[in-house]
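Read through the structure below, which is laid out as C-alpha cells, and then see the notes.
The values are calculated or read from the model by the stated rules, or taken from the named source; none is laboratory data. This is a predicted model, so every value here is computed, not measured. Here Cβ is always computed from backbone atoms with ideal geometry, including for glycine, and neighbour counts include all displayed protein chains. We work out accessible area using only protein heavy atoms, side chains counted, and drop any ligands, DNA or RNA first. Shrake-Rupley method; radii C 1.70, N 1.55, O 1.52, S 1.80 Å.
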Amino acid sequence: MAFDAGPRYINNAGYAHDTPERLGVLVVNLGTPDAPAPSAVRRYLAQFLSDPRVVEIPRLPWWFILRAILLVRPRRSAHAYKKVWREDGSPLLHFSRRQVEALRSELGGRCPGPVSVVLGMRYGNPSIPDALAALRRENVRRLLVLPLYPQYSATTTASAFDAVAGVLERTRWLPELRFVNHYHDHDGYIRALANSIREHWQANGRGGMLLMSFHGLPERYLHAGDPYHCECHKTARLVAEALDLKNDEYRVTFQSRVGREEWLKPYTADTVAALAREGVKTLDVVCPGFSADCLETLEEIAMQNADIFGANGGAALRYIPALNDRADHVRFLADLAMRHMQGWPETSPGWSKRKVLERSERATLLATRLGAKK
C-alpha cells in the first residue's frame, strides 16, 4: 500500500526567530521573454498560453493547438521584440524595474517602519516565486500584492492571484495578505492619464481624434461575467471628462486580437484604418490599460498601426507613452498601496524601532531557552 507523504512545505531555511518583521509589496506585471530570440519567446509563450485563465479552452484540444502555435509564432514574435528591445532588456522589464525603484523610494519616505518592494512577473523573469522567496528571506510578515492592471480581468488580475496562491499554499508560515483588485476609476490614476495626454498636446499640438486603445479579450469572457470591458469604458469616460472631451472627439477600441473568434469590439486596427479613410489626418493614441510600455504599445500601436493609418491616407499616428515611472503615476501607486496597507504596524505613526528590538530580544531569549536557532 502506498502512503501519501503529506504536503511538501517551503521552509524558511536559515530563519532566525529574532529576525525583525517587515512589510512587503509585491508589484506584479504580465512578463516578458528573456531575449528577443525564438527559443526565449517560445518558452515565454508556452507558459503564458498554458495558463487556463488566459485561454479558456478544454485542455486536451488546446494542447494540440498550442503545439502548432509554438511552431510558428515564436519566430514572428521574436522579430517584433527585436524592434523594441533595449540594451537592458525588454521595455516592459525596463519600465517595471524603474516603477519598482521609484515606488520603493516613495513608500520608504512614507512608511514609519521598514518596507520591501519587489517585482514579480506572472510569466518569465523575475518570477513571482522568486520574488516571494526574496520577501520571505527578509521576514516579510505582512504582504500587499499590487498587480499593475488598472482594469480587472480574470486573465490578468485573477491569474496573478493564482500564481501567488500557488506559492503560498506550499509555504509553512503564511504572511498576512492583502490584494489590490483594480484601480480603473481611482482619481490619481485618471489624473495621471489626463496629465500625460495634456502634456503631449502641449508639446505636439492636438490631433484630430483621441483613440483610447485597450488590450482585447474574447467576447465570450464578457458574457461569462468578466468586468474588464465595462471597466475599460469607465476609465475612458472619466479620462474624457477630465479633458473636457465631447463624445465625437474620442474613441474606445480593443487591440491585440488573435485567432478567429469574436473579440471585444471595435478593433483598434479596423478603427485606425476607418478614421484615416474618413479624413482624420493626425491621430493621437493612448493605451490606458498598460501601466508600462511594452511590445503591444511600442510595436503594435506605434509601428503597426501607424503603418495602417498611413496606408489608408492618414498623415501621422502619434502614440502617447504609457504612464511608466512618471512622478504622478508613482505617487498614485504609493497612495493606492498606503490605502490598502492601513492598520498594519509599519504604516502606523506609532511604529517604533525600539519596540521591534524589544520583541526581537524576547524572541532570542525564548529561542535560547528552547534550544532553537536564534
Subject >> Relative contact order %, segment 143-211, counting alpha carbon pairs below 8 Å whose residues are six or more apart >> reply: 39
Original post:
Which whole-number percentage describes the relative contact order of the chain, with Cα contacts under 8 Å and a sequence gap of 6 or more?
Top reply: 23
Original post:
From the backbone phi of segment 120-131, what are the Karplus-calculated ³J(HN,Hα) couplings (6.51 cos²θ - 1.76 cosθ + 1.60, θ = phi - 60°) in whole Hz, Gly and Pro given as x?
Top reply: x, 8, 4, 10, x, 10, x, 7, 5, x, 5, 5
**OP:** Just give me a number: lysine pairs in the chain, eight or more positions apart or cross-chain, with C-alpha atoms less than 30 Å apart.
**Re:** 14
**OP:** Output the Cα-based Rg and Dmax of segment 23-62 in Å, rounding Rg to one decimal and Dmax to a whole number.
**Re:** 13.4, 44
**OP:** Note the full-extension length gain between Arg110 and Asp307 as 0.36 nm times their separation in residues minus their Cα-Cα distance, in nm to one decimal.
**Re:** 66.4 nm
Original post:
Among Leu298, Leu119, Leu49, whose mean-square fluctuation peaks in a Gaussian network model of the chain (Cα, cutoff 10 Å)?
Top reply: Leu49
**OP:** Counting only C-alpha contacts under 8 Å and six or more residues apart, can you give the relative contact order of segment 222-311 as a whole percent?
**Re:** 25
Subject >> Binned Cα-Cα distance frequencies in the chain - 20 Å width, integer % >> reply: 25, 54, 19, 2, 0
**OP:** Would you mind computing, in nm to one decimal, how far apart the modelled labels at Glu278 and Asp34 are, each placed 7 Å from Cα along Cα→Cβ?
**Re:** 4.7
Original post:
In terms of the Cα gyration tensor, with a ≥ b ≥ c the square roots of its eigenvalues, is segment 193-266 rounded because a/c is under 1.5, prolate because a/b exceeds b/c, or oblate?
Top reply: prolate
**OP:** Please find, in a Gaussian network model of the chain (springs between Cα atoms separated by less than 10 Å), the residue of Asp270, Asp244, Asp325 whose mean-square fluctuation is greatest.
**Re:** Asp244
**OP:** Take the chain, connect every pair of alpha-carbon atoms lying under 10 Å apart with a spring to form a Gaussian network, then pick out the residue of Gly113, Gly124, Gly166 with the largest mean-square fluctuation.
**Re:** Gly166
Original post:
segment 244-261 to segment 207-224: how many Å between their Cα centroids?
Top reply: 5
Original post:
So who's got an amide H within less than 5 Å of the one on His215, skipping anything under 5 residues away but keeping other chains? H placed 1.01 Å off N, in plane.
Top reply: Gln255, Gly289
Original post:
How much space per residue, in cubic angstrom, does the convex hull of the C-alpha atoms of segment 45-106 take up?
Top reply: 98
**OP:** Can you list which of the GluC sites (Glu not before Pro) found in segment 81-142 are DSSP loop residues with at most 14 other C-beta atoms within 10 Å?
**Re:** Glu87
Original post:
With each run of n ≥ 4 DSSP H residues scored as -39500 (n - 2.57), what mean residue ellipticity at 222 nm is computed for the chain after dividing by its residue count and rounding to the nearest 500 deg cm²/dmol?
Top reply: -14000 deg cm²/dmol
**OP:** Be a star and scan segment 200-234 for residues whose amide nitrogen sits under 17 Å from the point 7 Å along the Cα-to-Cβ vector of Glu262.
**Re:** 216-226, 229-230
Subject >> Sequence of Leu238, Leu333, Leu60 when ordered by accessible area, the most exposed leading, probe 1.4 angstrom >> reply: Leu60, Leu238, Leu333
Subject >> Net charge over other residues, Cβ less than 11 angstrom from the Cβ of Val100 (K, R count +1; D, E count -1) >> reply: 0
Subject >> Cut-off 15 Å between beta-carbons: net charge of the residues surrounding Glu169, Lys and Arg +1, Asp and Glu -1 >> reply: +3
Original post:
Residues with beta-carbon under 13 Å from that of Ala236, excluding Ala236: net charge, scoring Lys, Arg +1 and Asp, Glu -1?
Top reply: -1
